[in-house]
Amino acid sequence: MSSEKDTKEHEQSEVSQTAEAQTESNACDQACTEVKDKFLRVTADFQNYRSRVEKERMYSIQLGQIAVLGKLLSIVDDVDRAIDEAKKQEGADTSWLAGFELIAKSLSQLLADHQIMPIEQIETFDPELHEALAQIDSPDHTSGMIIEVMQKGYRVGDRVLRPAKVTVSK
């Protein structure tokens, strides 16, 4: 009888050890799953961080380029005015005009290479694209029509870099 009792106790002990081992195994599996989930979240957060930092870096570079090229616009205006005045002069020595036209072309290409484009001529005043410097009574134009562009405007993509300065009819 004692041997049966020992066998039963031994079996119960093995079942108890198996149950404990199973519980420990489940706890380990759960801990492993939690660590794996945390690792995946941290990895995803880090990738999002890297992406955000890269976008911010590119945006900062673009802002710097736009600031520098925006200052170049006054030089472009000066060259355009010189060319326009030279073309108005009859009989004057305009041998330098070809050189200025090449400079104007190079400046235009530089701006285009950086996606800085002139604002296209629009007949109607748009406060998003234009800055009205004067309003003039004009029987030939309806109210809100642009009569004269005094300074070209420029945009970078959809963003206005410098609004066009215009005269508008009343």
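Things worth noting here:
- Members of the range 124-170 found to be in a strand (DSSP E or B) and hydroxyl-bearing (Ser, Thr, Tyr), listed by number: THR124, TYR154, THR167, SER169
- Checking each residue of the range 125-134 against the condition of being surrounded by 15 or more Cβ atoms within 10 Å (Cβ to Cβ) and over 19 Å from LYS165 (Cα atoms) gives no match.
- When ILE75, ILE61, ILE83 are checked against the criterion of being within 17 Å of VAL149 (Cβ to Cβ) and among the aliphatic types (A, V, I, L, M), ILE83 stands alone in meeting it.
- Number of residues in the range 80-95 that are surrounded by fewer than 11 Cβ atoms within 10 Å (Cβ to Cβ) and either touching a strand residue (DSSP E or B) at 6+ places or on another chain (Cβ under 8 Å) or more than 23 Å from ALA164 (Cβ to Cβ) (or both) equals 6.
- Selected residue [loosely packed, with under 15 Cβ neighbours inside 10 Å, closer than 27 Å to ILE61 by Cα and over 25 Å from the mean Cα position of the chain (by Cα)] from ASP77, ASP137: ASP77
- Selection of first residues in the range 25-46 that are at pLDDT 95 or above and part of a helix (DSSP H, G or I) and of second residues that are surrounded by 10 or more Cβ atoms within 10 Å (Cβ to Cβ) and aromatic (Phe, Trp, Tyr), restricted to Cβ pairs under 7 Å at least 6 apart or on distinct chains, gives an empty result.
The values are calculated or read from the model by the stated rules, or taken from the named source; none is laboratory data. Just so we're clear, the structure is a prediction, and the values are computed from it rather than from any experiment. All Cβ positions, even for glycine, are placed from backbone atoms using ideal geometry, and neighbour counts span all protein chains on display.
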